[in-house]
Amino acid sequence: MNLNELSAHIAAEFQKHYGRAPRWIVAAPGRVNVIGEHTDYNDGFVLPMAIERYAIMAADAAAAPGEISIYDAHFKESATVDVSAPVTKGQPKWSNYIRGVLAGFQQRGVKLPALDVAFMSTVPLGGGLSSSAALEVCTATLMEAATGKTIDPIEKALLAQKAEHEFAGVPCGIMDQFISALGREGHLLLLDCRTRKTVLVPMSDPSVALLIINTNVKHELGSGEYAKRRAECEEAAKIIGVKSLRDATPDQLEKAKGKLSDVVYRRARHVIGEIERTVHAAEGIRQSNWPTVGQLMYASHAALRDDYEVSCKELDVVVEIAEDIGYRGGVYGCRMTGGGFGGCCVALVKADAVDAITKKIAADYKTKTGIEATIFASRPAAGATIIKG
Ligand code: GAF
């Protein structure tokens, strides 16, 4: 479903559930990170793009005061949030992404209006494409629409990130919420996670496409491995004697090697290398130097697999298939994307080979793992928008 169809769909669902038309419709996209993985919480660079998959909400003012009712139109499940008092965590679990954002608005001194809301999402859940950030940024955008108070997109992204930290328990960096709030059609976003400065990188060469390959192995970042990686990076920075790994050079890392455990050394080696790869890849994209960008993607995957240890068998299988198809078959590069431990790969491919590559990856992946992959292409989409209201 494209955004227009999705918008009509959620309006119809709202009408069916609440018996009237919605006054506001808002959406926020998921993302795919082209390169720059596990660098955001190390003050490094990331290079994501918003994808044509969205969390979308339709809403109207509610009759019952002090309450926001939320209807999940896909899973046919509802949640009610009491907004007459400070919003706290609650059930069902998915409502916490929304609750966290509502709490953030309250902390900014905003009196929350009573609302009836219907929502759905076309961002695959647990697929490493930031379904949670899309839901958080979508909620924040709805609050802007319903209160008439716009907030700066960077503030909005930070508010959504805080919700993820405090209500979902994932100590994530700023990448996912930033790209969902600030994405621009036709562009990747080179984000300096230290200064929060963003540079739009055009991605409009019609000869290439980005393919997203979902292994359909669900990833779960709340399980503790993500937080462990973050702590290992902090340990490395402390021992090397820098504020964060952004400030460490490969030389400094080698000098400190004797003082670092093997694991912490390898974590740092990934991060330091990945920050450099990301800056080079952005340059490569600007110059349409696709073979170079592709090689950087493969190198990123190898480091995430061997040094950072956040890949999994199925992600590795996808990358191996892509490497086998190779440049002659139209694949420039491929890597896991997002937090890892399952989820998606992203491949940079020749546009005229998309169909053949999709068929080949799907067939070989099924043979090797017994799992059906879901594969789709996406152009760089716009960030969060108010569609109606
Ligand atoms: C997850 C996090 F939410 C991001 O902040 C980022 O760290 C990413 O994993 C890894 O690059 O998506």
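Read-outs: derived from the displayed coordinates by stated rules, not from any lab. Note that the structure is predicted; figures quoted are calculated from it, not measured. Positions of Cβ are generated from backbone atoms using ideal geometry, with glycine treated the same way; all protein chains shown enter the neighbour counts.
Would you list ASP116, ASP352, ASP60 from fewest to most Cβ contacts within 10 Å?
Ascending Cβ contact count within 10 Å gives the list ASP352, ASP60, ASP116.
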C-alpha long axis of helix 354-369 to longest principal axis of the chain, angle in °: 80 degrees
Fewest-first ranking of CYS344, CYS233, using other Cβ atoms within 10 Å as the exposure measure: CYS233, CYS344
Length-normalised contact order of segment 124-245 in % [C-alpha pairs under 8 Å, at least 6 apart]: 23 percent
Relative contact order (%) - segment 56-102, alpha-carbon pairs under 8 angstrom, separation at least six: 25 percent
Angle in degrees between helix 262-286 and the longest Cα principal axis of the chain, rounded to the nearest 10: 80 degrees
Within-13-Å neighbourhood charge of LEU112 [Cβ basis; K, R +1; D, E -1]: +1
Straight-distance crosslink candidates among aspartates and glutamates, where the alpha carbon sits under 18 Å from LYS360 and sequence neighbours closer than 8 are dropped: GLU314, ASP316, GLU320, GLU323, ASP324, ASP352, GLU372
Choice from PHE341, PHE167, PHE376 showing the highest fluctuation, given a GNM over the chain with Cα pairs closer than 10 Å: PHE376
Under Karplus coefficients 6.51, -1.76 and 1.60, residue-wise ³J(HN,Hα) of segment 234-249 in Hz, glycine/proline x: 5, 4, 4, 4, 4, 5, 5, x, 10, 5, 8, 5, 3, 8, 8, 9
Phi-based couplings in Hz for segment 190-204 (Karplus 6.51, -1.76, 1.60; Gly and Pro marked x): 8, 10, 8, 6, 7, 8, 6, 7, 10, 10, 7, 10, x, 10, 10
Gap separating the Cα centres of segment 137-197 and segment 324-358, nearest whole Å: 28 Å
Positive minus negative residues near TYR265 (Lys, Arg vs Asp, Glu; Cβ under 11 Å): 0
Straight-distance crosslink candidates among aspartates and glutamates, where the alpha carbon sits under 16 Å from LYS162 and sequence neighbours closer than 8 are dropped: ASP40, GLU136, ASP152, ASP176
Cross-link reach list, lysines versus LYS111, counting only Cα pairs under 18 Å and skipping chain neighbours closer than eight places: LYS149, LYS156
Segment 280-351 pair-distance distribution - Cα-Cα, 5 Å bins, rounded %: 3, 19, 28, 24, 17, 8, 1
Candidates GLY294, GLY258, GLY100, ranked by Gaussian network fluctuation over the chain, Cα under 10 Å, top entry: GLY258
Tail fraction, Cα-Cα pairs, segment 131-275, threshold 21 Å, whole percent: 59 percent
Three semi-axes of the equivalent ellipsoid, the chain, Cα gyration tensor, whole Å, largest first: 35, 25, 18
Among VAL331, VAL317, VAL137, residue whose mean-square fluctuation peaks in a GNM of the chain (springs only between Cα atoms under 10 Å): VAL317
Projected label distance in nm at ASP152 and ALA85, using a 7 Å step from Cα toward the beta-carbon: 3.4 nm
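Could you grab the relative contact order for the chain? Cα pairs under 8 Å, six or more apart, rounded to a whole percent. Please report the intermediate quantities before stating the final value.
Working: 876 pairs, mean separation 91.0, N = 389.
Reported as a whole number, the value is 23 percent.
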Principal-axis tilt of helix 153-167 within the chain, Cα atoms, nearest 10 degrees: 90 degrees
